[in-house]
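Read the figures in this text as sums done on the coordinates, not as results from a lab. It should be emphasised that the depicted structure is a prediction, and the values quoted were computed from it without experimental measurement. Quick reminder, even Gly has a Cβ in these numbers, built from the backbone with ideal geometry, and neighbours come from all protein chains shown.
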Amino acid sequence: MRDATNPDRLRGFTLIELLIVIGILSMLLVVLVPQLVEGKQTARIHECGLRIEAAAAAARAYESQRRFGDYPPDDFRDPDGTIKVPRDSVNPGIESFLVFLHRMDSREPGLSDHEDWFGNTDGDRSDTVLGRLDRKEKVELLDPWGNPIAYFHHRNYGEEQTYRMGGGEEGDPEEAEEQVVQAWRTRDGRWFHPRSFQLFSAGPDGVFNTRDDVANFVIQEEDD
């Protein structure tokens, strides 16, 4: 029985209880923190897939219009010469994708309802307002980790593109880096979506063309 008349005994028992609680909390943190981090990452991967799916649907809607009859270019080359925006060397594919997707003579809204997905990791601008984007900034479609999503039109799968990353989750420009990106091939050397386009994110590791990329196709893992 606890001796409530003995202060030293009471303090000693309370300290033991406190140490037990701290020990239990520490064990719970060890177990729960990795699960919380993994859950957050899983949610971001899912969100990234939704963004890519929305962009792919917008590209197909663009192609379905008779006057275009093709997917948005990844090099700012407009067959009828209506859009005259110089191609730059950084983030070219996804910037071109958004400019053409939001051209004034398109009947489709593009991704105009998702402007919170846009960013400008390389800070470049056009001399004129860019169609329905209603801005001079040459924006990119970003993934949930703040990095631009890559876009390749099928006719340029063999070319490389350079993308400027967003500087990590905090978007620190000093941590940003540029990466050379290639379109994805299957294990047997064929292009994914050989007659349409590829959209893919660098995924959680922030490095393009690695196995955790999130794409509008299923990335095949190498055999173990």
Sorted by chain and number, the residues with a modelled amide H under 5 Å from that of VAL181, at a separation of 5 or more or across chains, are GLN161, THR162, TYR163
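May I ask you to compute the full-extension gain from ASP88 to GLU63, defined as 0.36 nm times their residue separation minus their alpha-carbon distance, rounded to one decimal in nm? Let's see the in-between values first.
Numbers: separation 25, 0.36 × 25 = 9.00 nm, distance 2.39 nm.
Extending this stretch completely gives an extra 6.6 nm.
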Residue-ordered couplings for the stretch 50-59, obtained by feeding phi - 60° into the Karplus form 6.51 cos²θ - 1.76 cosθ + 1.60 and rounding to whole Hz (Gly and Pro as x), are 5, 5, 5, 4, 5, 5, 5, 5, 5, 5
With x for Gly and Pro, the residue-by-residue ³J(HN,Hα) of the stretch 133-141, computed from phi through the Karplus equation 6.51 cos²θ - 1.76 cosθ + 1.60 at θ = phi - 60° and given in whole Hz, is 5, 6, 7, 8, 5, 8, 7, 10, 7
Between LEU15 and THR162, the FRET efficiency computed from the C-beta separation at R0 = 45 Å comes out, to the nearest 0.05, as 0.15
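With Cβ to Cβ distances under 14 Å as the rule, what net charge do the other residues near GLY49 carry (K, R +1; D, E -1)?
On the way: positive: ARG44, ARG51; negative: GLU47, GLU53, ASP143, ASP212, ASP213.
With Lys, Arg at +1 and Asp, Glu at -1, the neighbours total -3.
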Rounded to two decimals, the Rg over Rh value of the stretch 93-136 from Cα coordinates and the Kirkwood Rh reads 0.93
The simple spin-label model distance between GLU178 and GLU53, using points 7 Å out along Cα→Cβ, in nm, is 3.5
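If R0 is 35 Å, what FRET efficiency do you get for MET27 and ILE219 from their C-beta distance, rounded to 0.05? If you can, show how the numbers build up before the last one.
On the way: r = 37 Å, r/R0 = 1.05.
FRET efficiency, MET27 to ILE219: 0.40.
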Protection proxy (average C-beta count within 10 Å per residue), highest first, orders 144-151, 131-138 as 144-151, 131-138
